[in-house]
Each structure stands twice: as C-alpha cells, then as structure tokens.
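Student: A single structure is presented below for examination.
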Amino acid sequence: MNDNKDRVDSRDTKSASSLASRSSSPEVTSPDAIDSLNKPVGTSDSSSLYKPPDLNRNITQIFGKLLNIYRALGDDRRSFSYYKAIPVIEKLPFKIESVDQVKHLPSIGKSMQDHIQEIVTTGKLSKLEHFEKDEKVKTISLFGEVWGIGPATALKFYEKGHRTLDDLRNEESLTHSQRLGLKYFDDIQTRIPRHEVEEMERLLQEVGEEILPGVIVVCGGSYRRGKASCGDMDIVFTHPDRKSHKGFLPKLVKRLKDMEFLREDLVFSVHSTEGTDSGVDTYFGLCTYPGRELRHRIDLKVYPRDIYAFGLIAWTGNDVLNRRLRLLAESKGFLLDDTGLYPATHSSGGKRTKGSASLKFETEKQVFEFLGFPPLEPHERNL
DNA sequence: GCCC
DNA sequence: CAGTACG
DNA sequence: GGGCCGATACTG
C-alpha cells in the first residue's frame, strides 16, 4: 500500500503518458528477446516527467489525510474510496469552486460532494479536524506507520497506554519485524530518488548475473510505472531456461549481505527448491544505497518462467489495476493472482479445488489480451 | 466511502 | 488462527 | 443491502 503514501505524502510526480521510452519495457516475447531486455527499465529522462495540474490540492490533501486515518483504523473499504477519489480530483484541469463541477465524476458520491462543498466554502473539513484532535486516532495512526503494525496491534498498544514511538520501544511483545520497523522508522519513510533506484537496479543486475548468468532482473513497482521517486524497491527475477531460478534467491541474498547491500531481514522464504513445483521465492528486507546507512525497504521475488508474466503484472501494479484485473478475471470465470490464472473450479463442496496448473502466458500483454483488458504500458498503470 |  | 503485508 | 483482490504469502 505504498501507493497510498506515494499519493498522499509526497509529490508523486507522474511520468508522461507517451514520452517514456518504450524500448525500456521489459516485456518478454521470446527467450532470445529476453537478454536484450535485461537492462534498466523505464529509464526516462526527467524531461519526460511532468507535474500533474494539481489544482485542488486543498481538497486532495484533506482526502489524503482521511484516507490514512481510515486505513489506520482498519476501515480499508472506506479508505479505498478516498484512494480512488483523489486521482479523479487531481486530474481536473480546473480549480473546483462549486459542487456542481464534480457532481457526475466517478468515485465522487454524496459524502465526497458534501466534503468538497465544505472545503471550497470554508477552506477546511470539520470531520478531519475532529479526527486530528482525537488522541486515539492520532496515536493509532502513528503506530500504524510502523512496518508490521496494523490496526489491531496499534489499538492494542494504545489501550495498553502507549502514546509515542518511544513508548513502543519498551514494549516486549514486538515481533522481530516490528522492532526493525520501529528502529528504522524514519529511514523507511524516506523516499528514494528515481536515479538511485536505477543505480541499485543495475547493481542487482550485475550481482545477479554473476550468480546466475542469463537471469532476468526487473525493478517493478512505482519505479517501473515511471514515478520520479519511490517508497521502496520491488525486484522481480526469473530465468529463461525455466529451471535455474531454483536456489537462486538464497545465493543472491547471501551475496548482497556480504557486500552490505542487504542489511536486515523482514521476511525470507524459499519454495523453489522443493519438488517440481512452481514455487515463488520471497525476500523482504532493508537495504542501503552503496556508501550510506539509510535503510530502504526492498522486496525480491523469484518466479519460475512459466508464471513470470503474472508476477511482473502483480509487482508492477498499481494495486488498483491488480484488483481490477482480478475482478475482471473472476467475471470471466477465472481466478487471478501473482502466481497465475486459473479456471474458477469451485467445487460443489464449497472449497476450491487446488492442484490445477495456471494457464500459461509468456508476456504481460498476452495476459491482458486474454482477459480483454487494454495492454497498458507500465507507465500507463498508475490508475 | 462508492456502486449496482 | 488473526494479523499484516504486497502490488 | 451486499460487494469491495488474492487457491495471496508470511509470522507468531
């Protein structure tokens, strides 16, 4: 859910819709094509990045705060409504002065209209002011920003009497991950300039190639979608020979730790070594830009080539697109996630039968087209 | 919260 | 299992 | 009034 933060906290500079270099797309069409695509992705020069109109900041800023508050409180549905409403308002080429101008916009319903009305007339939203004065809301919102602490745990700590991050540091029940999230709270919050992500991606490609020649390395997430800065890094790996990805991740992680690129572990699990599976290997952790100590969140995901396209789609996002694709798949009788596309064989007994393999697609484009969805370029996926 |  | 995280 | 992503994937 970093996109929320992208949207709310920072100036989420969007990439141009058509100027980003097309050749940088890591779309894979054949094993031969893979190698030439195994290079920096979405490396568009800054001239191709533009600032959105961004009139109506008065409204989107407030909506962004409400988004964060509802999410912290565990009301994800309501939070998501604000998440969808914000970009709609951001894209408007004029400054809203009357509710009538937004009455028929998608995702702007009765409540949103009332809020907009109040904001354009009074310049503020009493609902938000009420929230921001609330000790409980303030505390839970703060705690929820710690990696590994969600609404339930934040509430638990609040009820235990904790009010500050320092209070939490004395809390015994913190998990390993939460402790790290707390220790590097400010670091993790710090965004990464695009050019630094680019450099780190290159570093990962070099190290990856040394360990496993021919490995495909793509930095997904907001980076691949062309953002000017990123909240974290999402790296997706695979190998064209459809087998030697197995056992790659542990070697890579060890090597990256030896060179002090990876610094702390949050999640590390390996599946690809067992059986003839189509397992996905996962590493979540903290890394540092060479020569620095500032911690950044990084995710490494290794996919078997057969389901690589699904991993790439899922880890490029954004989350809105992922949800939309999954709903679309379901409407056509399929189930979609980052590991594949399956016929919705929900057995009569109620539980879904597992075991059937995913439909196979070589490229993202083929998946989009199979689903009847426009084959968006990565920079077009900021929905 | 929005939408059907 | 509940909670959290990922896009 | 009910759905809103996921055969998610992981931790404890």
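The values are calculated or read from the model by the stated rules, or taken from the named source; none is laboratory data. It should be emphasised that the depicted structure is a prediction, and the values quoted were computed from it without experimental measurement. No Cβ is skipped: glycine too gets one built from the backbone with ideal geometry, and neighbour counts run over all protein chains shown.
Student: Somewhere in the range A:345-354, is a residue in contact with a strand residue (DSSP E or B) (Cβ under 7 Å, 6 or more places away or on another chain) and either at pLDDT 95 or above or within 21 Å of A:ARG242 (Cβ to Cβ) (or both)? Quick ask: steps written out before the conclusion?
Tutor: If we filter the range A:345-354 for residues that are in contact with a strand residue (DSSP E or B) (Cβ under 7 Å, 6 or more places away or on another chain), which is where we start, we get A:345-346, A:352.
With either at pLDDT 95 or above or within 21 Å of A:ARG242 (Cβ to Cβ) (or both) added as a condition, the list becomes none.
The answer is no, given that none of the residues of the range A:345-354 is in contact with a strand residue (DSSP E or B) (Cβ under 7 Å, 6 or more places away or on another chain) and either at pLDDT 95 or above or within 21 Å of A:ARG242 (Cβ to Cβ) (or both).
Student: Of the residues that sit in the range A:104-157 and are in contact with a Phe, Trp or Tyr (Cβ under 7 Å, 6 or more places away or on another chain) and not in a loop (DSSP other than H, G, I, E, B), which one is nearest to DNA strand B (Cβ to nearest atom)?
Tutor: As a first pass, look at the range A:104-157 and keep what is in contact with a Phe, Trp or Tyr (Cβ under 7 Å, 6 or more places away or on another chain): A:136-137, A:139-140, A:143, A:146, A:149, A:154, A:157.
Filter again for not in a loop (DSSP other than H, G, I, E, B), leaving A:136-137, A:139-140, A:143, A:154, A:157.
Working: A:LYS136: 17, A:VAL137: 13, A:THR139: 20, A:ILE140: 17, A:PHE143: 22, A:ALA154: 20, A:PHE157: 25 Å.
That would be A:VAL137.
Student: Here is a check on your reading of the model: is A:GLU97 in a helix (DSSP H, G or I), without any contact (Cβ under 8 Å) to a residue 24 or more places away in the chain and more than 16 Å from DNA strand C (Cβ to nearest atom)?
Tutor: Here the answer is no, as A:GLU97 does not meet what is asked.
Student: Give the range A:154-170 a look and list any residue that's touching a Leu at 6+ places or on another chain (Cβ under 9 Å) and not hydrophobic (A, V, I, L, M, F, W, C), or say none.
Tutor: If the condition is that a residue be touching a Leu at 6+ places or on another chain (Cβ under 9 Å) and not hydrophobic (A, V, I, L, M, F, W, C), then A:HIS162, A:ARG163, A:THR164, A:ARG169 are the ones that fit.
Student: If you don't mind, there's one more thing I want to ask. Can you tell me how many residues within the range A:179-224 are in contact (Cβ under 8 Å) with a residue 24 or more places away in the chain, among the basic types (Lys, Arg) and over 23 Å from A:GLU380 (Cα atoms)?
Tutor: Selection size over the range A:179-224: 1.
Student: Under 7 Å between Cβ atoms, at least 6 apart or on separate chains: pull out the pairs that start in the range A:141-159 with a residue that is assigned by TED's automatic domain parsing to the domain that holds A:GLU264 and end on any residue that is assigned to a helix (DSSP H, G or I) and within 16 Å of DNA strand D (Cβ to nearest atom).
Tutor: From residues that are assigned by TED's automatic domain parsing to the domain that holds A:GLU264, there are no pairs.
Student: Could you give me the residue pairs with C-beta distances under 9 Å whose first residue belongs to the range A:52-80 and is without any contact (Cβ under 8 Å) to a residue 12 or more places away in the chain, whose second residue is away from DNA strand C (no atom under 15 Å from the Cβ) and outside any loop (DSSP other than H, G, I, E, B) wherever it lies, and which are 6+ apart or on separate chains?
Tutor: A:ARG57/A:GLU90; A:ARG78/A:LEU66
Student: Condition check: touching a Phe, Trp or Tyr at 6+ places or on another chain (Cβ under 7 Å) and either outside any strand (DSSP E or B) or among the aliphatic types (A, V, I, L, M) (or both). Does A:VAL217 satisfy that?
Tutor: Details: touching a Phe, Trp or Tyr at 6+ places or on another chain (Cβ under 7 Å): yes; either outside any strand (DSSP E or B) or among the aliphatic types (A, V, I, L, M) (or both): yes.
Taking the combined requirement at face value, the residue satisfies it.
Student: Quick test for you: out of A:ILE116, A:ILE96, A:ILE108, pick the one residue that is assigned by TED's automatic domain parsing to the domain that holds A:ARG71, under 26 Å from the mean Cα position of the chain (by Cα) and at pLDDT 95 or above. Step through it out loud before you land on a result.
Tutor: Working: A:ILE116 fails: under 26 Å from the mean Cα position of the chain (by Cα); A:ILE96 fails: under 26 Å from the mean Cα position of the chain (by Cα).
From the options A:ILE116, A:ILE96, A:ILE108, the qualifying one is A:ILE108.
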